[in-house]
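The values are calculated or read from the model by the stated rules, or taken from the named source; none is laboratory data. A quick note: this is a predicted structure, and the numbers were derived from the prediction, not measured. Ideal geometry is used to build each Cβ from the backbone, glycine not excepted, and the neighbour counts take in all protein chains shown. Side chains are part of the model used for accessible areas, which takes the heavy atoms of the whole protein and leaves out ligands, DNA and RNA. Shrake-Rupley method; radii C 1.70, N 1.55, O 1.52, S 1.80 Å.
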Amino acid sequence: MPDIDYQIVQLASMGAAMDAALAKRFRVLYLDGHDDVAGALREAPRATVAVTSVRKGLKREMIDALPGLRAVCSWGVGYETLDLAYARQRGIVASNTPEVLDDCVADLAWALLLTAARRTHVGDRYVKTGQWRSIGAFPLSTRVWGRRLGIVGMGRIGRAIAERGRGFGMDIRYHNRRPRTDTSHTFEPSLKALAEWSDFLVLACPGGAQTHHLIDAPILRALGPAGILVNIARGSVVDEAALVQALERGELGGAGLDVLEHEPAVPEPLRSMDQVALMPHVGSATHETRADMSRLVVDNAIAFLETGRLLTPIEDA
Ligand code: NAP
């Protein structure tokens, strides 16, 4: 029997202050950065809570190594890296960090949309590198205000993106597997029809097997040579080879991408395309939102250990 009867295994740091708050209240086996996580988990046979993140995930082998596990508290709203099907079989519940990040991710989607359309990244480089020698020589860009905005995945983040779209006078439609009753925007059951209709197509659906390459060559062709794709969802949602080809052939107008299929690997052609704006998967990455996310993970762990209930359970897990 190990010396300490751990209550929590912590696979991902929640920041120094939150890690300390958790360690002050509970017996925590801290394993972020540990080089033999699988071996170390044997030290915590009675731990009931695992604290992890969408990046660190929770694999079946980890669940098997923790016979006392009852709850997983994960940082991030996506959960495609947690084996929740297996966890459910074992009676383990899970939480994520919804809502606290919606607005920051929506802000970044809009930053990418505006950048790709108005070429602010190109203009910035043009001015800073001394290319601006006469007024009016910079190429014209694409109007955003009053255009057609298509959203794939009208969930929490999708709705925050749509709210901002109203401010830009946009006509807004969306595609989900099912229509929603809590939005007045038009539901489009066909993704291809939505792409054909849209000037800007913004992806805000989950990653994972169900949405793998949802955006393929025919959808990109439907969006068309003046269309702009924005992806703040997951890189796996877009067939990246098809995206590069569509951009190279001029079949797609541009793209704003926070996420890539094999991140952090960046396809070479995307690096040099002025019609493409890239960010390094930072949708929620502001000081304020990251602090809120970490606090919510810790609050979920505390709530489960003290009341047996999670604050923000993943409903379909
Ligand atoms: P959410 O509230 O669960 O919304 C997801 C939406 O996607 C739902 O409306 C869902 O509707 C729709 N959807 C699911 N599967 C679909 C499919 N196969 N085809 C079309 N629509 C589908 O989730 P959220 O909190 O808004 O987060 C959405 C995603 O954003 C996360 O899963 C994560 O991958 C991504 N994200 C990225 C960042 C970043 O840093 N870039 C940060 C946070 C989140 P139906 O169930 O009716 O289909």
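Here the scattering of segment 137-195 is modelled by Debye summation over its C-alpha atoms, one equal scatterer each and no solvent; at q = 0.13, 0.26 Å⁻¹ the log10 of I(q)/I(0) is -0.36, -1.08.
Sorting the Cα pairs of segment 215-317 by distance into bins of 10 Å, from 0 upward, gives 14, 35, 21, 18, 10, 2 percent per bin. Would you mind working out the magnitude of the charge dipole of segment 101-278 relative to its Cα centre, with +1 at each Lys and Arg C-beta and -1 at each Asp and Glu C-beta, to the nearest 20 Debye? The calculated dipole for segment 101-278 is roughly 480 debye. The slack in the chain from Glu43 to Ala226, taken as 0.36 nm per residue of separation less the alpha-carbon distance, amounts to 60.1 nm. What FRET efficiency, computed as 1/(1 + (r/R0)^6) with R0 = 25 Å and r the Cβ-Cβ distance, is obtained for Ser134 and Glu248, rounded to the nearest 0.05? My answer for the efficiency is 0.25. Ranked from largest, the principal axis spans of the Cα set of segment 101-278 equal 53, 33, 30 Å. For the peptides 224-236, 179-191, the ranking by mean Cβ contacts within 10 Å, running from highest to lowest, is 224-236, 179-191.
Could you give the distance between the Cα centres of segment 248-288 and segment 143-188, to the whole Å? If we compute the Cα centre of each part, the gap is 22 Å.
Probing with 1.4 Å while keeping every protein chain in the model, the per residue accessible area of the chain equals 49 Å². For Asp182 and Arg148, the difference between the fully extended length at 0.36 nm per residue and the C-alpha to C-alpha distance is 10.2 nm.
For Arg25, the accessible surface of its heavy atoms amounts to roughly 130 Å² (probe 1.4 Å, protein chains only, rounded to the nearest 10). Beyond 27 Å, how much of the Cα-Cα pair distribution for the chain remains, as a whole percent? More than 27 Å apart: 49 percent of the Cα pairs in the chain. The fraction of accessible area contributed by carbon and sulfur in the chain is 51 percent, rounded to a whole number (1.4 Å probe; ligands and nucleic acids excluded).
As a ratio to 2.2 N^0.38 Å, the alpha-carbon radius of gyration computed for segment 184-234 takes the value 1.11.
Normalised by 2.2 N^0.38 Å, where N is the number of residues, the C-alpha radius of gyration of segment 76-158 stands at 1.75. By the compact-protein rule of thumb, 2.2 N^0.38 Å, the alpha-carbon radius of gyration of segment 1-105 corresponds to a ratio of 1.04.
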